[in-house]
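Here is the structure we will look at, set down as structure tokens.
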Amino acid sequence: MATEGDAEKVAEHAEQKTDPVEIIQRMGHRGLSLATAESLTAGALASRIAEVPGASAALLGGVVAYSNQVKLNVLKVDSQLLEDRGAVDGDVAAQMALGAAQSCGVDIAVSTTGVAGPEPHQGKDVGTVYLGIAAGAEAVERYNLTLPEDCNRHEAQEGDELAGYKLLDLDGDRAAIREASVEAALKLISDFLHTEPPGLPEA
């Protein structure tokens with residue numbers, strides 16, 4: 001299932017629905033840690049989270065993976081997957097999130113990869129964005145985490161980690177697409193923390 005529409009409207013809607021303060025508080029209360037892996041947003045997502053006073057209670061770090069070399073060498077994205085599908089792909093996004101979780105040693109990681117424009121890239125239209133989400137086995141077991149309904153499950157991971165991805169189909173200029181991707185990624189984290197059943201208990 002994809003989120004479609006004007007990038008500015010998508011960003012505005014997501015921002016109205018998602019408070020990064022609530023994300024940090026909710027994760028901090030439970031001792032959960034967070035990292036990011038960012039391609040098209042190039043650190044903007046981590047920066048947005050870090051605007052929250054006390055963000056270090058949950059946000060441990062992130063990887064700006066603008067090039068495929070960083071995706072391969074740091075985030076350990078499968079080389080054959082990148083060769084076959086390119087960087088703008090749902091399973092690539094999921095593997096980026098898994099790689100960020102592992103490399104930063106965190107419970108939950110979120111990723112962004114896509115085409116902000118102005119030109120199509122690797123056969124993908126401008127506005128095609130994938131968000132990845134992943135959680136380590138311990139967090140999945142402890143909190144019975146499940147993927148939000150609008151996410152597709154990534155089946156290739158090893159062990160008991162949980163990973164998935166969500167497609168955005170956005171209209172707008174480069175800045176609007178990047179902003180919408182950041183806000184949608186925040187909403188994805190929030191939705192992941194509130195999945196029912198059973199989701200995380202209220203603080």
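Every number here is computed from the coordinates shown, using simple stated rules; none is lab data. Being a predicted model, the structure only gives us computed values, none of them experimental. Here the Cβ is made from the backbone with ideal geometry for all residues, glycine too, and neighbour counts use every protein chain on show.
General observations
- Kirkwood hydrodynamic radius (C-alpha pairs) into Stokes-Einstein, the range 2-193, 37 °C and 0.692 mPa s, D in µm²/s: 205
- Of all complete DSSP H helices in the chain, those with a Cα span along the helix axis of 24 Å or greater and a mean Kyte-Doolittle hydropathy of -1.0 or more are 174-193.
- For the range 33-45, 3J(HN,Hα) per residue [Karplus equation, 6.51 cos²θ - 1.76 cosθ + 1.60, θ = phi - 60°, Hz, x = Gly/Pro]: 10, 9, 9, 10, 10, 10, 9, 5, 8, 6, x, 5, 5
- Look at where the Cα atoms of the range 80-130 and of the range 131-198 average out, and the two centres are 12 Å apart.
- If you take all other residues with their beta carbon under 11 Å from the beta carbon of residue 152, and give Lys and Arg +1 and Asp and Glu -1, the sum is -2.
- Taking the Cα centre of the range 2-193 as reference, the dipole from Cβ charges on Lys and Arg (+1) and Asp and Glu (-1) amounts to some 500 debye.
- Helix-only [θ]222 nm of the chain, DSSP H runs n ≥ 4, -39500 (n - 2.57) each, per residue, nearest 500: -12000 deg cm²/dmol
- Think of the chain as having a plus end and a minus end, set by charges on the Cβ of Lys, Arg, Asp and Glu; of 56, 114, 80, 56 sits farthest toward the positive end of this dipole.
- For residue 59, the residues whose modelled amide H falls within less than 5 Å of its own, excluding neighbours fewer than 5 places apart on the same chain, are 34.
- Taking the DSSP bridge list for the chain and keeping only pairs wholly inside it, about 55 percent are antiparallel.
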